[in-house]
1. Could you please find all residues in the range A:185-202 being in contact with a Lys or Arg (Cβ under 7 Å, 6 or more places away or on another chain) and either assigned to a strand (DSSP E or B) or at pLDDT below 80 (or both)?
2. For residue A:127, all conditions in the list (1) in contact with a Pro (Cβ under 6 Å, 6 or more places away or on another chain); (2) outside any strand (DSSP E or B) hold save one; what is the number of the exception?
3. Considering each of B:157, B:172, B:153 in turn, give the residue that is surrounded by 13 or more Cβ atoms within 10 Å (Cβ to Cβ) and within 17 Å of residue A:12 (Cα to Cα).
4. Among the residues of the range A:73-97, write down those that are modelled with pLDDT of 85 or more and within 32 Å of the chain's Cα centre (by Cα).
5. Restricting to the range B:70-118, name every residue that is of a type in the set (Phe, Trp, Tyr) and either part of a helix (DSSP H, G or I) or within 8 Å of another protein chain (Cβ to nearest Cβ) (or both).
6. Quick one: residue B:146 ticks every box in (1) crowded, with 20+ Cβ neighbours inside 10 Å; (2) modelled with pLDDT of 85 or more bar one, so which box is it?
7. Could you please find all residues in the range A:43-64 being farther than 17 Å from residue B:34 by Cβ and either at the interface with another protein chain (Cβ under 7 Å from one of its Cβ atoms) or touching a residue at least 40 places away in the same chain (Cβ under 8 Å) (or both)?
8. Looking only at residues in the range A:107-119 that are crowded, with 18+ Cβ neighbours inside 10 Å and closer than 22 Å to residue A:21 by Cα, which one is nearest to the other protein chains (Cβ to nearest Cβ)?
Amino acid sequence: MTTTHHATDETLMRYAAGTLAPAPAIVVRAHLASCPACRARVGEYEALGGALLEETEATQMSATALSDVLAMLDDEDAAAPFTPPPRAPVEIEGIRLPDALRGCDIGRWRWIGPGMKMSRVGVPQDPHANLILLKVGPGRALPDHGHVGTEFTYIVSGSYTDRFGTFGPGDLAEMDEDVDHQPVVDNGDDCICLAAMEGKMRFNNLIGRMLQPIFGI
Amino acid sequence: MNEASNPVESNHKPGLQTGRRLAVVSSRDKQQTPSPDALVEMMRQVAQDRDRQAFALLFRYFGPKLKTFFLRWTLSSVAADDLVQETMLTVWRKASYFDAERAGVATWIFTVARNIRIDHLRRQKDPSALPPDAETAMDTVEDGMLDAERDAAVRNALTALSPEQQTIIRLAYFSERSQTEIADELGIPLGTVKSRTRLAMNRLRGLLEDKS
């Protein structure tokens, strides 16, 4: 999968620092799985975190901090060794979804308009997260919208085009607030995307405003 | 663990200055700065030999730094101690996953601490939340593209930044504060924080790309 649209450096740094909210972090992680270039950058920003940790001044710990932990090691060693849990593929109605969604609560597709379906995704780390899967038919326009806060969209399959270009599988679209854009799905297949919003979506037209209560976002 | 809601502590807002004031550094800690290779050797002893002495050395070196890291997220001293212990227990448990070809020890421990902090935040929001599933947390180290040489390049790039730029980057990693709050704390306009962050990022990218 060749990706042409990437995460910004600011986003990758927030991801590495662990300050990106859970829902956008899931969308970024989906992109990282298909983008070696962004993975390498996250590696650099993690190394930056390591360097900052090492140059951090020390704060004295409680007198028994070390002995407490050493005592806990006995229990650790008695317990079963750490093994990663099995990794079942993540799907929605037979369609394979990014591994980044593992552990999330994925609902069924719901009809939200002609040629348009949506599934809200429950994020265990953040009950108030705005994370959705969208499936939009060829030639259909997504509701014209702006956002409060940044919107992160990962293209799972299919493609769409807006004034910023064509976004295909593996790509990440990062749209700042005050950016209005109207993506139109390209001819061919349905476009499935995973979208997270830091704030509420702001629809500009009547249909969008009618959808708002349905989106609940 | 609920010490974080302690009003005294949260008014404290441990920032750069207060962090320094909180710090109690013994001269012994200052002298002991193990080389990256020495740290890798300690990790090897922990992973392969389950060597508790090597683990204790890692704990003495990283524990007090990790405590400062957790304190910056407005955690109480007791809560910070707990999270340091949790971090170091995870280091013990997952030591065999550390790969010196991919990352330096400080980088790896940073990612462990970062994931523990994220999980702590989650448990605060939802106390009924299950214990951390380490593998669904933000583990990029295990499948990322890290290498130890890159760690050195990043360290050099960091020291090449101006003091203001270093401060901005440090705040991005070690505080929950938004750019607006950072602007208030530093007493500079929000636009300046934004442009300074962008400049610091660009400078950092420039330095890193020169190296590769």
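The values are calculated or read from the model by the stated rules, or taken from the named source; none is laboratory data. Quick caveat: nothing in here was measured; it's all calculated off a predicted structure. Here Cβ is always computed from backbone atoms with ideal geometry, including for glycine, and neighbour counts include all displayed protein chains.
1. A:185, A:192 - these are the residues of the range A:185-202 that are in contact with a Lys or Arg (Cβ under 7 Å, 6 or more places away or on another chain) and either assigned to a strand (DSSP E or B) or at pLDDT below 80 (or both).
2. (1)
3. B:172
4. Scanning the range A:73-97 gives A:89, A:90, A:91, A:92, A:93, A:94, A:95, A:96, A:97.
5. Those that are of a type in the set (Phe, Trp, Tyr) and either part of a helix (DSSP H, G or I) or within 8 Å of another protein chain (Cβ to nearest Cβ) (or both): B:70, B:92, B:97, B:108, B:110.
6. Result: residue B:146 passes all but (2).
7. Selection gives A:43, A:44, A:46, A:47, A:48, A:49, A:52, A:59, A:60, A:61, A:62.
8. Within the range A:107-119, the match that is nearest to the other protein chains (Cβ to nearest Cβ) is A:119.
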